[in-house]
Amino acid sequence: MSEKSKATTQTAPPTESSPGHRESSAKEKAWEKNTIQPILEKNPERLAEFTTISGLPIRRLYTKADLPNWDPDRELGFPGQPPYTRGIHSTMHRGRLWTMRQFAGFGTAEDTNQRFRYLTSQGQTGLSTAFDLPTLMGYDSDHALAEGEVGKCGVAISSLADMEVLFDQIPLANVTTSMTINSPAAVIWAMYLAVAEKQGADWKKISGTLQNDILKEYIAQKEYIYPPAPSMRLVIDTFEFGVKNTPKFNPISISGYHIREAGSTAIQELAFTLRDGLEYVEWGMRRGLDIDEFVPQLSFFFNAHNDFFEEIAKYRAARRIWHKAMVERYKSKNPRSWALRFHSQTAGCSLTAQQPFNNVVRTAIQALAAVLGGTQSLHTNSLDEAWALPTEFAATIALRTQQIIAHETGVTNTVDPLGGSYFVETLTNEIERGASDYIEKIDAMGGMVAAIERGYPQREIAEASYRYQMAVDRKEKIIVGVNDFVSEEKPLEILQIDETVAHRQSERLRKLRADRSKSEADRRLNALRTAAKGNENLMPFIYDAVKSYATLGEICDAMRDVFGTYEEVAIT
Amino acid sequence: MPEKKIRVLIAKPGLDGHDRGAKIIARALRDAGMEVIYTGLRQTPEMIASAAVQEDVDVIGLSILSGAHNTICPQLMKLLHDKGMHDVTVLVGGIIPEADIPALKQSGIAGIFLPGTSTQDIIEFIHKRVAHS
């Protein structure tokens, strides 16, 4: 089939039975017949099919005909009101800007403490901690498997002593802190709470977010330690502990970010993340927690990718699906449980190593989508992140990008400026429908843990990721500077991680082990081990162990002894 | 006589779990007619070298995004040397700063592929390299 004939078939009316049946008005039909058809015969469109970056087909024009039976009162409501399509707050960014929360962490606790204080001095409004791989996997910096990885992808934290340095002179009573940690989240959180206590900050008032989303680790990022059931128990332990002790802290950030980075489509990102959310709700309820007590503290985290309108529609659909699930599926009575709050981060996987300054532009557009989609907080990536962790220079431009959007563009002057757009509303409906279909499929498999165990979301993502790579290799999808518009360039100056970090960390651990009371640490580790064999909430035991300066590795090992470790069946 | 298939071990060393790249390469090489063994996550240099011997591979492809390449690559090259695997072609893909490339090549890494490389370029590289060895 020629390009031209393919292009013209797009305007053929769908049949009565097709799911996307669309009845256009007489005027629209006349426009297609008298204006479009003759033009297409002379000048076919650039592509046979226009699709989003996720492969969703996009029409030439959206009109009223795309929204049959669409009732704005039902589909949109008003900001701060169900179904929250237009945003969870009534005045949105007019009332308060999103939190500018730049993820940072490298080297030792001293190095990262310095970066935190620099970013805060530049107008950043919240902290976000990146941990190195040994910490993420529950190993101390001096473990054999940590070799070559200490302080590389984030900050090395092996004990409460490191955590005390990390937050030195940062008042935890006044700052909200996000911590990107999953399998050992309960341990790192216990360290944070111990520092807060030492600073005299009231646990009832401190606020921040623990990532603590183990399900997406099995699905996408693969930083798991224990098998799913004990991992879920630990997550629910943090929910239960939080309800009683830290009512303002978000014990989890249910994350689509990493699912998208692993190569999923926008619909998959949304569907798997929300289904993960439902899984946590159900496990929490099974523990006996009151849904309307713990769900208000669950938060979400989405990717902000390249396809501008698809992303905006994704955030709007996310709020609508969550509201519906809370009200209809779980009969929640508390509006705070219905409103989906989310953090967003621009897409790391969209950054190019080639012509890296172009990444500033990509990031700005992605960030704009997150803002127009009603984000509560945002991280913008730095231009050099396809090469290394960001330099201070690059990290500053990333923060400035958010400040320009907030203070110069005018997009914050009104709530949900794209609401009512035929295109955006249609796309919101389609993404909602696509994600709901996936959620039903996973329900039919017996829930997300069951779906993960049979490799279902992993396989769907691998398929989508391969499909996209092939489209890039065939130049069906263009990446500027990579498969088109290529040019020679000078190498970039990047951040070098001091190679003495591992050595300094090992020294510090040696000293810590010599100075603490070993018998006390052992006693508390044994108490944790015993509790892990039963059904008690493990948070108080972990907190006790942390306070005796038992190390992250020792605490995770105590639980490894009881829970065992998880190995996935690799899907390629 | 049918041509012997090129045998490739795709490995993900270190603690990092970001396996998008490794999985795409494994599938692209398989689609290009090669015999591909994927080790799965968190392989030590010892595990990779043993698997390479056991599977008698022509090519080892390492995916490293974590910055641990300067530690992992020389260790693996030494182990391969000790095991007498002098002919195996070792490739690295991932996030590798340009300043680190000369030393990696010096240690015997045959090809280094940075973000943005097409799967076709890697397939062609392997075909040329294995045909000439």
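For the pair A:Gln403 and A:His21, a Förster radius of 35 Å applied to the C-beta separation gives a FRET efficiency near 0.15, rounded to the nearest 0.05. Compactness of region A:202-245 was expressed as the Cα radius of gyration divided by 2.2 N^0.38 Å, which yields 1.33.
Simple rule: put +1 on each Lys or Arg Cβ and -1 on each Asp or Glu Cβ in chain A, find the dipole, and look at A:Tyr315, A:Tyr543, A:Tyr566; the Cα lying farthest toward the positive end is A:Tyr315. The peptide list A:465-472, A:364-371, put in order of mean Cβ contacts within 10 Å with the highest first, becomes A:364-371, A:465-472. The alpha-carbon atoms of region A:70-154, seen along their principal axes, cover 61, 30, 14 angstrom, with the largest extent given first. For A:Lys205, a cut-off of 17 angstrom between C-alpha atoms picks up these lysines, skipping any fewer than 8 places away in its own chain: A:Lys244, A:Lys248. Size of region A:387-480: Rg and Dmax of its alpha carbons, in Å, are 19.9, 50. Listed cross-link partners A:Lys29/A:Lys314; B:Lys83/B:Lys105; A:Lys152/B:Lys12; A:Lys222/B:Lys105 are compared with a 24 Å cut-off, the Cα-Cα value being larger for A:Lys29/A:Lys314; A:Lys222/B:Lys105.
Our note on the geometry: Cα centres of region B:68-133 and region A:389-416, 39 Å apart. Normalise the Cα radius of gyration of region A:154-280 by 2.2 N^0.38 Å (N = residues in it) and let me know the number. The reported ratio for this selection is 1.09.
Across all C-alpha atoms in chain A, the radius of gyration and Dmax reach 24.7, 87 Å. Note on region B:7-132: the alpha carbon radius of gyration divided by the globular reference 2.2 N^0.38 Å gives 0.94. Label-to-label distance, A:Asp561 versus A:Glu488, with points set 7 angstrom from Cα along the beta-carbon direction: 6.3 nm. For chain A, the longest principal axis of the alpha carbon atoms and the long axis of helix A:358-372 meet at an angle near 80°.
Among beta bridges from DSSP that stay inside chain A, the antiparallel ones total about 5%. Start at zero, step by 10 Å, and the Cα-Cα distances of region A:237-350 spread as 14, 46, 29, 10, 0 percent across the bins. Excluding same-chain neighbours fewer than eight residues apart, the lysines reachable from A:Lys198 by a Cα-Cα span under 18 Å are A:Lys547.
Bear in mind these aren't lab numbers, they're just calculated from the coordinates by the rules spelled out. The structure presented is a predicted model; accordingly, all values stated were derived computationally and were not measured. Heads up, the Cβs are rebuilt from the backbone with ideal geometry, glycines too, and the neighbour counts pull from every protein chain shown.
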